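Values quoted throughout were computed directly from the atomic coordinates according to the rules given, and no laboratory measurement underlies them. All figures in this text were calculated on a predicted structure; none of them were measured in a lab. Cβ sites come from the backbone with ideal geometry, for glycine too, and all protein chains shown count toward neighbours.
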Amino acid sequence: MNVGTKMISLLALLFAVLIVLEVGIQKRIVMPSFAELERDDARTSMKRVDYALKMTLDSLGLTAADGLGQLGGRLSIRAIAERRVRRRERHSGRDEAAADQRLDDRRPRR
């Protein structure tokens, strides 16, 4: 074998080893990391969907309460507004006591 043939076969062997190492590293290190990132992203997306669904259901409940209040006269506008404030305060992360205090501040004094 001449020198040119030995160099070509050595380079081919070197590239084959590098390709095998690259595939092995990807399967053992890189792919599990990407899979974990995908799972975290999916969890975050599901939390967003869950929050949006809860907000929509609350909004539908308030709309239904508005309709019942207008039709039946059982719920006053003030009661509906107070429910809205409490729900918004709960969803915004504030505690219920702060929402009650704000409602008490808004009520007219007799």
**OP:** Just subtract the alpha-carbon distance of Leu11 and Arg43 from 0.36 nm times their residue separation and send over the number in nm, one decimal.
**Re:** 6.9 nm
**OP:** Would you tally the net charge around Lys54, using a Cβ to Cβ cut-off of less than 14 Å, leaving Lys54 out, and scoring K and R as +1, D and E as -1?
**Re:** +3
Subject >> For Ser33, Ser59, order by how many other beta-carbon atoms lie within 10 Å, fewest first >> reply: Ser33, Ser59
**OP:** Return the sequence-ordered ³J(HN,Hα) values of the stretch 2-18 in whole Hz as given by the Karplus equation 6.51 cos²θ - 1.76 cosθ + 1.60 applied to θ = phi - 60°, using x for Gly and Pro.
**Re:** 8, 5, x, 5, 5, 5, 5, 5, 5, 5, 5, 5, 4, 5, 5, 5, 5
Original post:
Gain in length, Lys54 to Ala35, computed as 0.36 nm per residue apart minus the alpha-carbon separation, to one decimal in nm?
Top reply: 4.0 nm
Original post:
With θ set to phi - 60° and the Karplus curve 6.51 cos²θ - 1.76 cosθ + 1.60, what are the ³J(HN,Hα) couplings of the stretch 23-29 in order, to the nearest whole Hz, using x for Gly and Pro?
Top reply: 5, x, 5, 4, 5, 8, 10
